[in-house]
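Asker: Below you'll find the structure I mean.
The values are calculated or read from the model by the stated rules, or taken from the named source; none is laboratory data. The structure displayed is predicted, hence computed values, not measured ones. Cβ placement follows ideal geometry from the backbone for every residue including glycine, while neighbour counts extend to all protein chains displayed. Ligands, DNA and RNA are excluded from the accessible area calculation, which covers all protein heavy atoms including side chains. Shrake-Rupley method; radii C 1.70, N 1.55, O 1.52, S 1.80 Å.
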Amino acid sequence: MSLKERYGNLTDEELMNRLEAGETEVTEYLLDKYKPLVKSRARTLYLIGGEKDDLIQEGMIGLFRAIRGFRSSEECSFYNFAELCITRQMYTAVQASKRKKHAPLNSYVALEEEAGLMADQNPEDLVIDQENLESRYDQIHRRLSDMEKLVLELYLEGRTYGQIAAVIGKNEKAVDNTIQRLKKKLL
């Protein structure tokens, strides 16, 4: 029996009650059911430096958070709650893409690229610069905590605060605080 056959005739509130009772398949059904809503919201927004799929992914994160965070005892319907969570997640991604506050980390030069820039130098200078580069990498590595290293790696991969928060198991404010600390340590 497919999920649509199993859950298609239930209201959202009934689905949420079943989810709270431990039927984890409801999550998959709700993600599939509300994906068209996510896609319709993504059509109305533009993500600088991103694609529509990135916005859809952000919307799906918002939907997943709505599913996890909804309480049937609240006075709001699941649809309205999900729509709000989806829209907020996408809007946050769009706003983050517009901000210039992350420019120092977004415009970093990778250590490997920096090494490549040294190719025009004479061999003696190249060896000295390579040693300096390794020394700087070691200093950075020693100055950062394990969490800071992980957050930096994820951030440099282009992940959003929400995605980083999900990976490290913290909230977005903790991610922002960590990135602020990284900026102070690395700049």
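Asker: Given R₀ = 25 Å, what would the calculated FRET efficiency be for Q95 paired with M147, taking r from the Cβ atoms and rounding to 0.05?
Answerer: The pair Q95/M147 has a calculated efficiency of 0.50.
Asker: Leaving ligands, DNA and RNA out of it, rank T27, T44, T178, T11 by accessible area with a 1.4 Å probe, largest first.
Answerer: T44, T11, T27, T178
Asker: Tell me the net charge near T87. Cut-off is 14 Å between Cβ atoms, T87 excluded, with +1 for each Lys or Arg and -1 for each Asp or Glu.
Answerer: Within the 14 Å Cβ shell, the charges total +3.
Asker: Would you please state which residues of the stretch 17-34 a label at R6 would reach in this model, taking the label point 7 Å out along Cα→Cβ and a backbone N cut-off of under 16 Å?
Answerer: The answer is 17-33, whose backbone nitrogens lie closer than 16 Å to the label point.
Asker: Note the full-extension length gain between S40 and D176 as 0.36 nm times their separation in residues minus their Cα-Cα distance, in nm to one decimal.
Answerer: Between S40 and D176, full extension yields an extra 46.0 nm.
Asker: Sorting T24, T87 by accessible area (1.4 Å probe), largest first, what list results?
Answerer: Putting T24, T87 in descending order of accessible area: T24, T87.
Asker: Follow-up. How many nm is it between the label spots at E131 and E51, if each spot is 7 Å from the Cα in line with the beta carbon?
Answerer: Taking the two extended label points, one gets 4.6 nm.
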